[in-house]
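Student: Mind having a look at this structure? Questions to follow.
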Amino acid sequence: MKAQSNVLVTGVSSGIGLAITESLTARNIRVFGSVRSQRDAERLLDTFKDQVVPLIFDTTDRDAVTAASEQVRELLKDDPLLGIVNNAGTGTAAPLLHVPIAEFRQQLEVNVIGTLNVIQQFLPLIQGSGKRPGRIVNIGSTAGRIGIPFFGAYAASKHALTGLSESLRRELMLYGVDVITVVPGPVKTAIWDKAEALNFSAYSDTPYVNLIQAFRDAMVRDGRNGMEPRIIGDTVFTALTAKRPKATYIRVAGLFSNWILPTRLPSRWVDKLIGDKVGLKLLSGPKNLRQSATNQSR
């Protein structure tokens, strides 16, 4: 009987992370899944039984991640991890001119620093004696290539994750460890219910307030018509197990209009297309950027 494989997946309580867990466990792969609460851990155990080992940690907490890696090491004994899947992340919507710096910093902390934190602590566990080294799979986003307005902090973090993944893949050639990026567009998850409830009153005295609300509504519509989460889960399985995996897997509903066009057209053309869609037009009357900066500092 073939020995069971093991994979670490971060952020498995819902959404894409949960779909990845479902895809892997359906193929007899045990998942060490990170969550941030005991309640989520108990729910995973109720659902997946011994196919999932919940790990309670925040990816940005170095001590907690170190402790979790030691816990996994003890449970694995001499077996390696088949892979590390970095899915945990967060997103926020705000005009860059007005986003609180602490909020912007948190995006980078979770989506970039947290990912590297997990990789540094768990990487030694994916190399087993005499076996093919495991792989790292990072969950990126189309926002890591296409900078969309009002999600600039998220886009910046995902651009950074793309660069981190490419640099790390080349550095780890020394050890035979592959780094693969899965790039989803909007995915049908409960995150869009949360997005619909966002309150943008903090920007009510800026020219952006109606634009950001309209853009949020468009994003929610796209999300609810987006990719099924199981497709992302199955893609992660492929990335972990394919004999010759791609460096990047693009999974986008409406591939031509939502990926091929905006990544092939000249940037100024894309500016125009997005600007027309969102309603970003030159303000009439006085354009007081100094007043905008003053409002942001309050």
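The values are calculated or read from the model by the stated rules, or taken from the named source; none is laboratory data. Just so it is clear, the structure is predicted and the values come from calculations on it, not from any experiment. Positions of Cβ are generated from backbone atoms using ideal geometry, with glycine treated the same way; all protein chains shown enter the neighbour counts.
Student: Out of the residues in the stretch 175-190 meeting the condition of being among the hydrophobic types (A, V, I, L, M, F, W, C) and at pLDDT 95 or above, tell me which one is farthest from the chain's Cα centre (by Cα).
Tutor: Val177
Student: Additional query: Restricting the search to the stretch 241-255, which residues are closer than 27 Å to Ile212 by Cβ and either surrounded by fewer than 10 Cβ atoms within 10 Å (Cβ to Cβ) or not β-branched (Val, Ile, Thr) (or both)?
Tutor: Selection gives Arg251, Ala253, Gly254, Leu255.
Student: Here's something else I'd like to know. Mind listing whichever residues of the stretch 114-135 are surrounded by 18 or more Cβ atoms within 10 Å (Cβ to Cβ) and either touching a Ser or Thr at 6+ places or on another chain (Cβ under 7 Å) or in a helix (DSSP H, G or I) (or both)?
Tutor: Passing the criteria: Gly114, Thr115, Asn117, Val118, Ile119, Gln121, Phe122, Leu123, Leu125, Ile126.
Student: Based on what the data block shows, is Gly176 small (Gly, Ala, Ser), crowded, with 19+ Cβ neighbours inside 10 Å and either closer than 18 Å to Ile16 by Cα or touching a Pro at 6+ places or on another chain (Cβ under 7 Å) (or both)? Give the derivation first.
Tutor: On the way: small (Gly, Ala, Ser): yes; crowded, with 19+ Cβ neighbours inside 10 Å: no; either closer than 18 Å to Ile16 by Cα or touching a Pro at 6+ places or on another chain (Cβ under 7 Å) (or both): yes.
It is false that Gly176 is small (Gly, Ala, Ser), crowded, with 19+ Cβ neighbours inside 10 Å and either closer than 18 Å to Ile16 by Cα or touching a Pro at 6+ places or on another chain (Cβ under 7 Å) (or both).
Student: While we're here: Among the residues that make up the stretch 266-278, is at least one of them exposed (fewer than 11 other Cβ atoms within 10 Å of the Cβ), modelled with pLDDT under 95 and hydrophobic (A, V, I, L, M, F, W, C)?
Tutor: Looking through the stretch 266-278, none of the residues is exposed (fewer than 11 other Cβ atoms within 10 Å of the Cβ), modelled with pLDDT under 95 and hydrophobic (A, V, I, L, M, F, W, C).
Student: Looking at the stretch 136-157, can you tell me whether even one residue there is outside any strand (DSSP E or B), touching a strand residue (DSSP E or B) at 6+ places or on another chain (Cβ under 6 Å), surrounded by 21 or more Cβ atoms within 10 Å (Cβ to Cβ) and touching a residue at least 40 places away in the same chain (Cβ under 8 Å)?
Tutor: Looking for residues that are outside any strand (DSSP E or B), touching a strand residue (DSSP E or B) at 6+ places or on another chain (Cβ under 6 Å), surrounded by 21 or more Cβ atoms within 10 Å (Cβ to Cβ) and touching a residue at least 40 places away in the same chain (Cβ under 8 Å), one finds at least one in the stretch 136-157, hence yes.
Student: Follow-up question, since we're still on this one. How do the pairs read when you match residues in the stretch 237-249 that are farther than 19 Å from Ala19 by Cα with residues anywhere that are small (Gly, Ala, Ser) and not in a loop (DSSP other than H, G, I, E, B), using Cβ under 6 Å and keeping only pairs 6 or more apart or on different chains?
Tutor: Note: pairs meeting the criteria are Pro245/Ala239.
Student: Mind checking which residues of the stretch 256-265 are surrounded by fewer than 12 Cβ atoms within 10 Å (Cβ to Cβ) and farther than 21 Å from Arg221 by Cβ?
Tutor: Arg264
Student: Name the single residue, out of those in the stretch 220-265 being modelled with pLDDT of 90 or more and polar (S, T, N, Q), that is farthest from Leu24 (Cα to Cα).
Tutor: Thr263
Student: So, restricting to helices (runs of 4 or more DSSP H) that lie completely within the stretch 1-94, which ones have at least 2 residues that are surrounded by 15 or more Cβ atoms within 10 Å (Cβ to Cβ), in contact (Cβ under 8 Å) with a residue 24 or more places away in the chain and touching a helix residue (DSSP H, G or I) at 6+ places or on another chain (Cβ under 7 Å)?
Tutor: In the stretch 1-94, the matching helices (runs of 4 or more DSSP H) lie at 15-25, 62-76.
Student: On to the next question. Restricting to the stretch 196-244, name every residue that is among the acidic types (Asp, Glu) and either under 20 Å from the mean Cα position of the chain (by Cα) or not in a helix (DSSP H, G or I) (or both).
Tutor: Glu196, Asp205, Asp222, Glu228, Asp234
Student: Looking at (1) touching a helix residue (DSSP H, G or I) at 6+ places or on another chain (Cβ under 8 Å); (2) buried (at least 16 other Cβ atoms within 10 Å of the Cβ), which is the one condition that is false for Met227?
Tutor: So Met227 meets the others, but not (1).
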